[in-house]
Amino acid sequence: MMKRQKTPTAGLISLGCPKNTVDSERMLAELAVAGFTIGADLASADVVVVNTCGFIEPARQEAIETIREVVGYKSTGPVQRVLVAGCLAQRLGERLLEEVEGIDAVVGLAQRDRIGRIAIDVLSGCEQRSYLGSCPQDCADDSGRVLTTSGHWAYLRISEGCSHKCSYCTIPAIRGPFRSKRPEQVLREARELADSGVVEVNVIAQDTTQYGSDIGLKGGLIGIIAGLEQIDRLAWVRLMYLWPVGITGELIDTIARSEKCAHYLDIPIQHADDAILKAMRRPDNASRLRALIERLRAAMPDIILRTTVIVGFPGETDAQFERLLDFVRWARFDALGCFAYCREQGTPAAALEGQIPEQVKNERVERLMLAQQEIAFDKNASLVGSRLVCLVDRVEEDGVRIGRYYGQAPEIDSICIVEGCLARPGQFVTVKVTGSRGYDLLARAT
């Protein structure tokens, strides 16, 4: 009797941003199509793919540590091959093979949709170890994904790459220039997600406000919003990564009138001192940022604003940091991420004089985040007694539901801890806020 051949198994680790999550979901689909059983325990998979981030030094260090850990499985378990994909593979190329011994292949961004075929070849003993190539010239089709999110929410990528010239950023060098998907492709992917049970899409790009500008569309993001509104099964549409300068009055009005667009915007300002913004090569200034925030809140009094800022940029004086701190206290963002500047080789900012000591940068991060914490806790206290509509994400072992209201984006924001609720993941429930626990809200179903 002929012995039945074992079906190969594959595991995948996804590091970095939501754009990487989408790529990982596409790679899982390609591995499945190639005949792999996916979702295997990493230590027992035949092939493990590590989809890396290479944006800043901390992300690179996390990726290197993860790769080394996975390579270690080859000597302690059944893992036979380790493939490294994503931004770090694209950025370092074959140098990554020298930096971490035991990698079987590096796979560039342009080879994402060939990962299944590559995995088969490498597992079969193919000696080729480099699958790189230049960045794709278009924005790849992201349909047919294996969702790694909760199943009722997903990311919807509308473009790839970036053509902005921020002096500190490596993304254009890694991901290539900005390129939009055609509107029909975006909406086709959104309908596919909705048909699979997704009720919340989180629209992502390096700059969602720029969508369509490279393919001759005027008001491209507005058109996408209109199209998403026509998909019955979608309940929430969340816009992420909007450059402040691209938020027009027409876009504000569209969001304010929309029945599905969450009154939630993620607007990375990066700083609020004019000289630092100029050195960063950002097109904003503090006055315009103030005016934008005032306009948004006038149009949507219930709007939730998230932002990110960078402290310790070369030349940042104490006074300039204090201006940023004062701006944050004035703006009272609902959520904020603060990052210490990283000196990235090859960027214009890396050559600037006045590099700030790490200790000073870390102290500034701590001061700013403490100020933001006070704001966030005050806002939580103001919500006690109010009623919110929550989307249930998961059920804990003790029966407590974990959910989010429209002001909480998945994976990056706080959560609602809901008691007295029988709703299943993917269902909406009305709750009354009873208190808070740190950044999270405590609530009871009504």
Please tell me if VAL392 is β-branched (Val, Ile, Thr), surrounded by fewer than 17 Cβ atoms within 10 Å (Cβ to Cβ) and without any contact (Cβ under 8 Å) to a residue 40 or more places away in the chain.
-> no
Pairs only if they're at least six apart or on different chains, beta carbon under 7 angstrom, first in region 24-39 and at negative phi and outside any helix (DSSP H, G or I), second of a type in the set (S, T, N, Q) and open to solvent by 20 Å² or more (accessible area, probe 1.4 Å); list them, first residue then second.
-> PHE36/THR9; THR37/THR7; THR37/THR9
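Yes/no matrix, rows are residues, columns are (1) among the small types (Gly, Ala, Ser); (2) closer than 30 Å to ASP318 by Cβ:
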site	(1), (2)
ALA205	yes, no
ALA235	yes, no
GLY246	yes, no
GLU250	no, no
HIS271	no, yes
ARG281	no, yes
LEU289	no, yes
Somewhere in region 357-374, is a residue among the basic types (Lys, Arg), open to solvent by less than 40 Å² (accessible area, probe 1.4 Å), in contact with a helix residue (DSSP H, G or I) (Cβ under 6 Å, 6 or more places away or on another chain) and assigned to a helix (DSSP H, G or I)?
-> yes
When you look at ALA319, is it under 22 Å from ARG364 (Cα atoms) and either exposed (fewer than 14 other Cβ atoms within 10 Å of the Cβ) or small (Gly, Ala, Ser) (or both), yes or no?
-> yes
Hey, can you tell me all the residues within region 408-438 that are among the hydrophobic types (A, V, I, L, M, F, W, C), closer than 30 Å to ASN20 by Cβ and surrounded by fewer than 18 Cβ atoms within 10 Å (Cβ to Cβ)?
-> ILE412, PHE428
Does ASP326 satisfy the condition of being modelled with pLDDT of 95 or more and touching a Gly at 6+ places or on another chain (Cβ under 9 Å)?
-> no
Would region 400-409 turn up any residue that is more than 29 Å from ALA262 (Cβ to Cβ) and either out of contact with any helix residue (DSSP H, G or I) (no Cβ under 6 Å at 6 or more places or on another chain) or among the hydroxyl-bearing types (Ser, Thr, Tyr) (or both)?
-> no
Mind listing whichever residues of region 40-59 are part of a helix (DSSP H, G or I) and within 27 Å of ALA350 (Cβ to Cβ)?
-> GLU57, PRO58, ALA59
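For every residue, the table says whether it meets (1) touching a Lys or Arg at 6+ places or on another chain (Cβ under 8 Å); (2) closer than 18 Å to VAL198 by Cα.
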{"position": "LEU383", "(1), (2)": "no, no"}
{"position": "SER386", "(1), (2)": "yes, no"}
{"position": "VAL395", "(1), (2)": "yes, yes"}
{"position": "GLN408", "(1), (2)": "no, yes"}
{"position": "VAL433", "(1), (2)": "yes, no"}
Those helices (runs of 4 or more DSSP H) completely within region 201-310 that have 2 or more residues that are in contact (Cβ under 8 Å) with a residue 40 or more places away in the chain, open to solvent by less than 30 Å² (accessible area, probe 1.4 Å) and under 29 Å from TYR341 (Cα atoms) are 286-299
What residue, among those in region 182-196 that are touching a helix residue (DSSP H, G or I) at 6+ places or on another chain (Cβ under 8 Å) and crowded, with 22+ Cβ neighbours inside 10 Å, is nearest to MET280 (Cα to Cα)?
-> VAL186
Flag if THR7 is of a type in the set (Ser, Thr, Tyr), outside any strand (DSSP E or B), touching a residue at least 12 places away in the same chain (Cβ under 8 Å) and open to solvent by less than 30 Å² (accessible area, probe 1.4 Å) = no
Scan region 330-353 residue by residue and report those that are open to solvent by less than 40 Å² (accessible area, probe 1.4 Å), outside any helix (DSSP H, G or I) and under 14 Å from TYR168 (Cα atoms).
-> ALA340, TYR341, CYS342, GLU344, THR347
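The values are calculated or read from the model by the stated rules, or taken from the named source; none is laboratory data. Computed from a prediction, not measured in an experiment: that's the story for all the values here. FYI the Cβ positions are ideal-geometry reconstructions off the backbone, even for glycines, and counts take in every protein chain you see. All accessible areas refer to the heavy atoms of the entire protein, side chains included, with ligands and DNA or RNA removed. Shrake-Rupley method; radii C 1.70, N 1.55, O 1.52, S 1.80 Å.
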